[in-house]
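Note sheet for the following structure.
The values are calculated or read from the model by the stated rules, or taken from the named source; none is laboratory data. These numbers come from a predicted model, not from an experiment. Quick reminder, even Gly has a Cβ in these numbers, built from the backbone with ideal geometry, and neighbours come from all protein chains shown. All accessible areas refer to the heavy atoms of the entire protein, side chains included, with ligands and DNA or RNA removed. Shrake-Rupley method; radii C 1.70, N 1.55, O 1.52, S 1.80 Å.
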Amino acid sequence: MCRTGEQPDPPDTGDSVTVAAFTALLEDSAEDLYETAPCGYLSTMMDGTIARINTTLLDWLGLDRADLVGRRHFTDLLSVGGRLYHETHFAPLLRMQGELRGIALEMKTADGGRLPVLVSSQIKYGGEGEPLLIRTTVLDASDRRAYEEELLRRRQDAERARAEAERARAEAEKARAEEEEARVEAEAARREAEADRARLAHALAVLQRSLLPDSLPAVPGLETSVYYHTASPHRLGGDFYDLFQIDGKRWAFFLGDVCGKGPEAAALTSLTRYTLRAAALHDPEPAAALTTLNTVLYERYAAGGDPRYCTVVHGLVEPGDEPGHMTVRLASGGHPSALVLRADGHAEYLPTPGGLLVGVLPTAPVGTAETTLAPGDTLLLYTDGLTEARTGPARDDLYGEDALHAFAGGLAPATPRETIAALGELLDNFGDGLDDDTALLALGVPPRPLPTRPATNHLR
């Protein structure tokens, strides 16, 4: 035994390796023990501001010390569920008890992952009992979580297998007697169900086609392309579009999305589409057509206590002042802004601010905009099924307008067909994250052909 204040003597083992290891242990500093401990340490102010964090925890999370100390709070390191639990349970109990031990939480890593941890916290008090800071220990619970989940799965599998075996033994005799009858009935039911599904799918397809144009007409000086996706083959979509001629030089187009799904949405889509067509032929100005549509929908639905509405962008395209250019005037009622892919290689939104959902109020403001499409420019209209597609490993992020703008900027310049083809491939890649109807309509002025050099004869 060593005297008070002295270093302990190394064990008398006669082993030089052990003596060297023990000597190295005595030379290990408290700072090294804190920074490289096999668990995470951090200290926070009483409001949660991170005051100190050790290297171990920084390495686990893939974060930098300079980005955390004095800048972030402990809750910023937690997942959404972890923050909610911290605010509602962890923090109140810690203030009441002064310490908590072994609380299971999840922390966010820099690459977007989740790290299961066990957290223990203790409040440090001053000489007069005032709370000064919170010391927290973090243990990596990944292996423990995986082990517990595996145990739970195995127990559930065992219980399920045992229950199934007992049920199978009890019903084996009865099942043998009824097996043939059940097989025949099941086959008949299957054929009937398939026939019903086929009839329903056919009826829905016919009705869906009746709500959309069979094809887009050819517009002089303009290239067009369209894409339509229904979220389910067994449910009518609520998105719609159209392109039609007003007179010898002007063409009207619109694209929108009605509220709801199913037969009610189909009726609303039909009313919306034919109202816009009739209104545009009467007064081709897009704002006037949307005003008429708002009046029709409000009087048909909202005034009777069953409000139904839609978002829609309606436009008019005609030859511009310069040869080969087209002028586009747009009016929007609560619809996402159109996107223009310019021939010079950039993309820009064409905002229509102030537009309100169509059909909600007796009178509704309409947002308007105007632009000129030069050769090689493409105008893209889309419904929110594109920007609200869910992305990420957990399908909890929205694709969003910023991502769409970046994607379009990478395409520009692009013809309408090229634009729709690229967006169709993008939508396919969303997989089950694309859970809403989606319609795309692109109109563009074909690019000017490159000048060709006249053939020359070389004389020798």
Are any residues in region 292-318 surrounded by fewer than 16 Cβ atoms within 10 Å (Cβ to Cβ) and either of a type outside the set (D, E, K, R) or within 34 Å of the chain's Cα centre (by Cα) (or both), and if so, which ones? A303, G304, G305, D306, P307
Selection count where residues are surrounded by fewer than 16 Cβ atoms within 10 Å (Cβ to Cβ) and in contact with a Leu (Cβ under 6 Å, 6 or more places away or on another chain), scope region 392-434: 1
Among the residues of region 219-243, the number that are small (G, A, S), under 16 Å from L373 (Cα atoms) and open to solvent by 30 Å² or more (accessible area, probe 1.4 Å) is 1
Consider G444 carefully, then state whether it is within 19 Å of D239 (Cα to Cα) and at pLDDT 90 or above. no
Tell me whether region 335-343 contains one or more residues that are part of a loop (DSSP other than H, G, I, E, B), small (G, A, S) and touching a His at 6+ places or on another chain (Cβ under 8 Å). no
Extreme residue, most open to solvent (accessible area, probe 1.4 Å), among residues of region 335-370 that are of a type in the set (D, E) and farther than 12 Å from A287 by Cβ: D344
Just to be sure before I move on: is A289 outside any loop (DSSP other than H, G, I, E, B), over 34 Å from the mean Cα position of the chain (by Cα) and in contact (Cβ under 8 Å) with a residue 12 or more places away in the chain in the structure I sent? no
In region 93-109, which residue that is open to solvent by 60 Å² or more (accessible area, probe 1.4 Å) and hydrophobic (A, V, I, L, M, F, W, C) is nearest to L58 (Cα to Cα)? A104
Would you mind stating whether P307 is outside any strand (DSSP E or B) and in contact (Cβ under 8 Å) with a residue 40 or more places away in the chain? yes
Could you list, in sequence order, the residues of region 110-131 that are assigned to a loop (DSSP other than H, G, I, E, B) and either in contact (Cβ under 8 Å) with a residue 24 or more places away in the chain or hydroxyl-bearing (S, T, Y) (or both)? A110, D111, G112
Just the residues that are open to solvent by less than 40 Å² (accessible area, probe 1.4 Å) and under 14 Å from P286 (Cα atoms), please, taken from region 244-267. F244, I246, W251, A252, F253, F254, L255, G256
Within region 110-151, how many residues turn out to be open to solvent by less than 80 Å² (accessible area, probe 1.4 Å), of a type outside the set (A, V, I, L, M) and either under 39 Å from the mean Cα position of the chain (by Cα) or at positive phi (or both)? 12
For region 106-117, which positions are of a type outside the set (V, I, T) and touching a Leu at 6+ places or on another chain (Cβ under 6 Å)? M107, A110
Pull out all pairs, ordered by first then second residue, where Cβ-Cβ is under 6 Å, the residues are six or more apart or on different chains, the first lies in region 366-392 and is within 27 Å of P220 (Cβ to Cβ), and the second is among the polar types (S, T, N, Q) and assigned to a strand (DSSP E or B). T372/T327
With R277, R250 as the choices, which residue is among the charged types (D, E, K, R), in contact with an Asp or Glu (Cβ under 9 Å, 6 or more places away or on another chain), in contact (Cβ under 8 Å) with a residue 60 or more places away in the chain and within 24 Å of T368 (Cα to Cα)? R250
